[in-house]
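Input: a single structure, listed below in structure tokens.
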Amino acid sequence: MERLRTALSILEDRAVLEVRPTDVAEYNVVRVADEVVIDLMASAAGVTLAELAPDVEYGEIEGVSIPYPSPAALLRTKQTMREKDAADCRFLEALLRGEL
């Protein structure tokens, strides 16, 4: 959490400094509203980052390796009752079937 706080403290309002190290574990989702809004999540749809680790892909931007979830991993995080997530699921399923 400290590395995240350091990284996000470059944002103008430094709102992340109000987040306590235990907040994400305690509340599961903590919203940081700064120049941009960032949700810090312990899990998404009950799936933790550790569980998604085997499905993480990497890209590179200006020599920095950036991890991001594969379409299959992202689909696992969208298994909710929200209509917005249902639309995402339809898109991701079509992508995984090779239809897009």
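Between the beta carbons of Ala53 and Tyr27, assuming R0 = 22 Å, the FRET efficiency works out to 0.45 to the nearest 0.05. Computed about its Cα centre, the charge dipole of the chain is approximately 280 debye, with only Lys, Arg, Asp and Glu carrying charge at their Cβ. Note that the stretch 1-41, at 10 °C in a medium of 1.306 mPa s, gets a Stokes-Einstein diffusion coefficient of 157 µm²/s from its Kirkwood radius over C-alpha pairs. For the listed peptides 17-28, 40-51, a ranking on the average number of other beta carbons within 10 Å per residue, highest first, reads 40-51, 17-28. For the stretch 65-100, applying the loop criterion from DSSP together with a ceiling of 13 other beta carbons within 10 Å to the trypsin sites (Lys or Arg not before Pro) yields Arg82, Arg97.
Placing pseudo-labels 7 Å out from each Cα toward the beta carbon at Leu100 and Glu35 gives an inter-label distance of 2.9 nm. Counted by Cβ distance under 11 Å from Asp34, the other residues give a net charge of -2, where Lys and Arg count +1 and Asp and Glu count -1.
Two decimals is fine: what is log10 I(q)/I(0) at q = 0.11, 0.21, 0.23 Å⁻¹ for the chain, from a Debye sum with one equal scatterer on every Cα and no solvent? Taken in order of the listed q values, log10 I(q)/I(0) reads -0.43, -1.22, -1.26. Placing pseudo-labels 7 Å out from each Cα toward the beta carbon at Ala87 and Val64 gives an inter-label distance of 3.0 nm.
At full extension, Thr6 and Arg20 could sit 3.8 nm farther apart than now, given 0.36 nm per residue minus the alpha carbon distance.
None of the figures in this text is laboratory data; all of them are computed from the coordinates on show. In this text, all values refer to a predicted model and were calculated from it rather than measured experimentally. FYI the Cβ positions are ideal-geometry reconstructions off the backbone, even for glycines, and counts take in every protein chain you see.
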